[in-house]
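Here is the structure we will look at.
The values are calculated or read from the model by the stated rules, or taken from the named source; none is laboratory data. Bear in mind the structure is a predicted one, so any value in this text is a computation, not a measurement. Neighbour counts are summed over all protein chains in view; Cβ atoms, including those assigned to glycine, are modelled from backbone coordinates with ideal geometry. We work out accessible area using only protein heavy atoms, side chains counted, and drop any ligands, DNA or RNA first. Shrake-Rupley method; radii C 1.70, N 1.55, O 1.52, S 1.80 Å.
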Amino acid sequence: MSKTYINTNDQFHFSFSTKAEKTIENILSKYPPQRKISAVMPLLDLAQREAGGWLPISALEAVADKVGLAYMRVLEIASFYTMYNLSPVGKWHLQICGTTPCWLKGSDDILNAIFDTLQIKPNETSKTGDFTLTPVECLGACVNAPILQVNDDFYEDLDYESTKKLLESLLKNKPLKFGSSIGRKSEPETGTTVLLKVKGKKNAG
Amino acid sequence: MIKLTVDEKEIEVEEGCTVLQACEIAGAEVPRFCYHDRLSIAGNCRMCLVEVKPGPPKPQASCALPASNGQIISTNSKMVKDARKGVMEFLLINHPLDCPICDQGGECDLQDQAMSFGASKTRYIENKRAVEEKSMGPLIKTNMTRCIHCTRCVRFSTEVAGVNDLGALGRGENMEITTYLEKSIESELSACVIDLCPVGALTSKPYAFNARPWELTHIETIDVMDGVGSNIRVDTRGNQVLRVLPRLNEEVNEEWISDKTRYAIDGLKNQRLDRPYIRNKHGALEPSDWDTAFNKIKDGLSKVPTNKVASLVGDLVDVESVFSLKLLLNKLGVENLDCRIDGAEIGQDGRSGYIFNSGISGIENADALLIIGSNPRIEAPVLNARIRKRYLKGNFPIGIIGPKSNLTYPYQYLGSNSLDIEKLKNKSNSFHKILLKAENPMIIVGMGALVNDFGSIVLNFLRELSEFFGVVQKGWNGFNVLQTAAGRTGALDIGFTPSKKGLNAKTIFSEGEKGNLSFVWLLGVDSKDVLKLKKPFVVYQGHHGDVGAHIADVILPGAAYTEKSATYVNTEGRPQLARQATYPPGEAKEDWKIIRAFSEYINNKLPFDDLDGLRNKLYEDFPHLSFIDEIKKPRWSKFGTKGKLKSFELNSTINNFYMTCSISRSSETMAMCVDQLNRKKLVAE
C-alpha cells in the first residue's frame, strides 16, 4: 500500500452544492441525532464526488462542521480508508488490485498495458491529468480476477489486450460496459461444475 | 467482588477490574506500552499478553480483558514469555535502535522492556521505515521514526487535555502520529505527552541533549506557577535545575502539570539578583554588600513615622518569609501591609471565604458547576483538566459568568456582567433550576470577580447565593475561590492584611504614587502597579530583576522556589513542603534569613535562629499549617460586605498564560511559546 499524501494546499475552496445539501439532510436523517458523527463516511464520499474525485482540506473541514467532529478526527478517517483521495486524481481513477489472486491471474499484464498506453506507473497521474493509477489491496472480486477498478466500476477478467481496449475506450470518453471482459458470471471459466442436478430449481444452491 | 487466580495466587478484585489490574493487585508484573491508568484502553501494543483459562488457547491482551470469576491467569508461562518475545520483535522491526543518541535513553519503557522481555538479537535484515519529523511547537521535540503507535499521546490530548489536535494518520505500516496540519498542540498541558510517550518519539525540546537521567539528582517539591500547588520533581545537575516532572498526587494534580510549571525553569537562570544593590545619587543601581544595604534601609526607616511605612508581599512568596516579615513589621508597629497586590478583596474575614473549600478532587463529586469571573483553563490548567474529567463522566451542567473562552468542555454562557450573578436568583433563569436541583452544586469564583472596588460586595453576594442554592450544606462545601497566586493563600492564612486603620494594597499604590508614603518594603512584588511607587523609599527583596527591582532603592537578593525549603499553601488551603533543590546564586539568601538578619541589625531580633525555630513559632501561632499535605476544613463563616451589586465586566486576571510571574517572564522557553501563540493569532486574523 502506498503512503497517503495529503494535499494541504489551501487554495481549494470547497462548499457543498444546494443539491448536495438535500442529500446531506437525507443521510443525516438515517442516524440518531446524538450519533450524527456516524454520518462522516457517507458525507466524505459525497464531498469527494462534489469536489472532483478527491478531498481538499476545505472539504474535510466542511464535512467535520456538518457532523460536529474535530478536523483531526475527520482527517484520520479520510487517511485511513483508501476510498478517499487526499490529493487530486484524474478523471479516470484506475485502481489496480495486486493482491495474490489477481496477481496470480496476471495483474502485472494490466500494469504493463497501462504503462504502454498511458505511460504511467503506480501512484502516477498521466501528463494530460486524465488518468491516475493507484495500486490497492484486494477489491473483493477475486472470483473474476484480475480486476481493474475505474472510478466506481469493476472491469474483470482483464488481460493485456482487453485492458488496452478498455483504456482506449476511456481515452475516447466512451467507456466499455463494466463487468467481465469475457462475459462470464461468478463461475469457473469452464462452466459450472457442481450442483448441476439442482439446476433450474428455485432455492438451488 | 471477583475471585480469580494469578500465578497460583488467589486474589479478590473489584467488579469492573481488568485482568491487567488484577495482575497488578496480585503483584505480578505485566509489561505494557499503550495501557495507562488515566487514559481509555486502546489495546494496540499487545505487550500485556497473558494466558487466561478458561478461554481460547492463545495469549490474551490483559489490559482490555475484564476480570471475571474463576479465571486462572498466568503471567510467566512459556506461552506468555514467547508471546512477549514475539510482540517485542514486531515492535522493534521498525524501531531505529538509536538509543545512544536518544534523549529517552535510560528512562525508556521500550529499552527496559526489550531488556527484560525481548529476544537477544534481531532476525531482520530489511530496511526500516523512516518517518519525517513533525512540528509540534517549541516544547515537544519529535522523532517519529521511534514511534511504536501506542497512541497514548493521542488519547491524552483528546481525553485529558481536551484538544483534538493530535491524531494518527494513515494505516498499517504508514500510520503516523501527527498534529492537524502540523500545527503545535494548543493546550496548556501539551508537554505531558512527553511523560506519557513510552519511547523517544516525543521528547522535551528545551531539555534536548542536556543530560542523562542517571546524572540527575531528584528533589520532590512544590510548584508555584499557579495556585494549584502541583507536586513536582525537580531534576538538577550541579547547581542547575534541568527539568521539572510531575509527581503523583491524586488530591491535587493527579499526574499532570502545566507547560508553564514544566518549562518556566529556564527563567531561574536569567535576570537573577545575585547580590545586594543600592541606588546611587545618579539614580542608577550599583552593586553593594549586605552591610551597606542594611545600613541604607535602617537610615531610610529611622526617619519616618510608622504610618508612612508600608509593606507588600508578592505572589511567589512562601509562608515562612511572609511570617518573618509580618513578625518584624508587627514589632515596628507597621499597619499598612497587604498581600493582595492585585487588589482582590478577600481574606479578611473567615478562611472559608478565600480557599477552594471542596478541594480539587471534590470537583469529581459535584453535579453542577458555576464558574464566575475565571478562565480556569489558563488560571489553573491542571484543575481545568479535573473539571473536564468530571464532565466526561456525564450529567455535569456547567455555567459561566465571566470571560467567554475556549474551555475544554461545553458550557452554558450566562453573561459577562456582574449583574448576571444577581439574575441567577430569578426563577426564570436557565441555570437557577439546575443549581437548585443539584445535590452537590459547586461555585468556582475567580479573581476576575474579586479584583475591583466591589469585590467584597460580590463575595458577600456569592456567599448568600451559596447558602440559598445549597452549595454549602452538611457534608458538602462547594464554595470555591480559585487563587491564581501560589503564595496568596499562605499569606492570607498568616494574616498579612492591613489592620482596621491600615492601608490595603490598592491604597498603598495610590498613596505611594501621591507621595504620602515614605518607605515601602516589597517582598517579591512584581505587578505592574509597583511602578507607581516612584516617590517613596523602596526596598525590594526578591529573586528576579523584574518590575519591582526597577524602582527599588535597595535590592536584597532572595531565593526562588527551587532554592529554599519552604511551605506553600495551595488554593485548597493545603500546606505543602517545597524542598531545596539548588542554592541561590551568588550572595542571595533565603528570604526569612534576610529578614531575620535585618531584624538583628535594627535591634529588634526575631525570636528564632534557624528554620526549625521559625517553624515551631509558625506552628504555634498557626497550628493548621503544621498539618502538611492535609486540609483543615474551616468552619463556614460570614464574609464579604453587604451592599448593592454594581455593574462591571468580569474578566480573567490572566491574559497571557505563559508569562504570569517574574520567573516565567524571564524564561526563554515561555517567550517562544508566546511568540508561537502570537504568530498563530496573526495567521488567524
- prompt: Can you pull the Rg over Rh of segment A:92-180, Cα-only, Kirkwood?
  reply: 0.92
- request: Would you mind getting the accessible area per residue of the protein assembly as shown, heavy atoms of the protein chains only, 1.4 Å probe, in Å²?
  value: 44
query: When the helices in the protein assembly as shown are scored as -39500 (n - 2.57) per DSSP H run of 4 or longer and the sum is shared across all residues, what 222 nm value do you end up with, to the nearest 500 deg cm²/dmol?
result: -8000 deg cm²/dmol
field: Amide H contacts under 5 Å for A:Phe154, placed H, 5+ residues apart
entry: A:Gly179
- request: Keeping the other protein chains in place, figure out the carbon and sulfur percent of the accessible area of segment A:18-80, with a 1.4 Å probe.
  value: 54
query: R0 = 51 Å: FRET efficiency of B:Lys514 with B:Leu682, Cβ-based, nearest 0.05?
result: 0.80
task: Grab the other residues whose beta carbon is less than 9 angstrom from that of B:Gly229, score K and R as +1, D and E as -1, and report the net.
output: -2
message: Between segment B:121-166 and segment B:623-638, how far is it from one alpha carbon centroid to the other, in angstrom?
response: 45
message: Give the separation of the Cα centroids, segment B:332-382 to segment B:524-571, in Å.
response: 22
query: Using 7 Å Cα-to-Cβ label points, what is the B:Glu286/A:Lys30 separation (nm, one decimal)?
result: 8.5
- prompt: Hey, what angle do you get for helix A:18-28 against the long axis of chain A, alpha-carbon based, 0 to 90 degrees rounded to 10?
  reply: 80
- prompt: Can you give the relative contact order of chain A as a percent, counting alpha carbon pairs under 8 Å and 6+ residues apart?
  reply: 16
query: By the gyration tensor of its Cα atoms, with a ≥ b ≥ c the square roots of the eigenvalues, what is the shape of chain A: rounded for a/c under 1.5, prolate for a/b over b/c, or oblate?
result: oblate
- request: For segment B:415-484, run through the trypsin sites (Lys or Arg not before Pro) and keep only the ones in DSSP coil with at most 12 other Cβ atoms within 10 Å of their Cβ.
  value: B:Lys427, B:Lys474
task: Have a look at segment A:67-100 and report residues whose accessible surface goes down by 40 Å² or more when the remaining protein chains are included, against the chain on its own, probe 1.4 Å, ligands and DNA/RNA excluded.
output: A:Met72, A:Arg73, A:Glu76, A:Phe80
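Placing +1 at every Lys and Arg Cβ and -1 at every Asp and Glu Cβ, with all other atoms neutral, what dipole size does chain B have around its Cα centre, in debye to the nearest 20?
About 1320 debye.
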task: Any chance you could give the angle, 0 to 90 degrees and rounded to 10, that helix B:505-514 forms with the longest Cα principal axis of chain B?
output: 50
query: Across peptide B:164-174, what mean number of C-beta atoms from other chains lies inside 10 Å of a residue's C-beta?
result: 6
- request: Could you work out the relative contact order of segment B:1-71, using alpha carbon pairs under 8 angstrom and six or more residues apart, expressed as a whole percent?
  value: 37
field: Accessible area buried between chains A and B, both sides summed, probe 1.4 Å, in Å² to nearest 100
entry: 1400
- prompt: Of all the accessible heavy-atom surface of segment A:92-180, with the other protein chains kept in place and a 1.4 Å probe, what percent is carbon and sulfur?
  reply: 53
query: Around B:Lys141, which amide H atoms from residues at least 5 apart in sequence, or from another chain, sit under 5 Å from its own amide H, with H modelled in the peptide plane?
result: B:Thr203, B:Ser204, B:Lys205
- request: Could you please report the charge total around B:Glu89, scoring K, R as +1 and D, E as -1 over all other residues with beta-carbon less than 12 angstrom from its beta-carbon?
  value: +4
field: Distance between segment A:47-124 and segment B:412-458 - C-alpha centres, whole angstrom
entry: 53
statement: Along segment A:75-82, Karplus-curve 3J(HN,Hα) (6.51, -1.76, 1.60; θ = phi - 60°) to the nearest Hz, with x for Gly and Pro, reads 5, 4, 5, 5, 7, 6, 8, 6
message: So if I place +1 on the C-beta of Lys and Arg and -1 on the C-beta of Asp and Glu, and nothing else carries charge, what would the dipole magnitude of the protein assembly as shown be about its Cα centre? I want it in debye, nearest 20.
response: 1800
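With an 8 Å cut-off on Cα pairs and a minimum separation of 6 or more residues, tell me the relative contact order of chain B in percent.
Relative contact order, chain B: 15 percent.
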task: Just the number, please: Stokes-Einstein D of chain B in µm²/s, Kirkwood Rh from C-alpha pairs, 10 °C, 1.306 mPa s.
output: 58
- prompt: What's the angle, to the nearest 10 degrees (0 to 90), between helix B:668-684's Cα axis and the longest principal axis of chain B?
  reply: 80
query: In a shell of Cβ-Cβ distance under 9 Å around B:Met659, excluding B:Met659 itself, what net charge do Lys and Arg (+1) and Asp and Glu (-1) give?
result: +2
Per-residue HN-Hα couplings for segment B:54-68 [Karplus 6.51, -1.76, 1.60; θ = phi - 60°; Hz; x = Gly/Pro]: x, x, x, x, 8, x, 10, 6, 6, 5, 10, 9, x, 6, 9
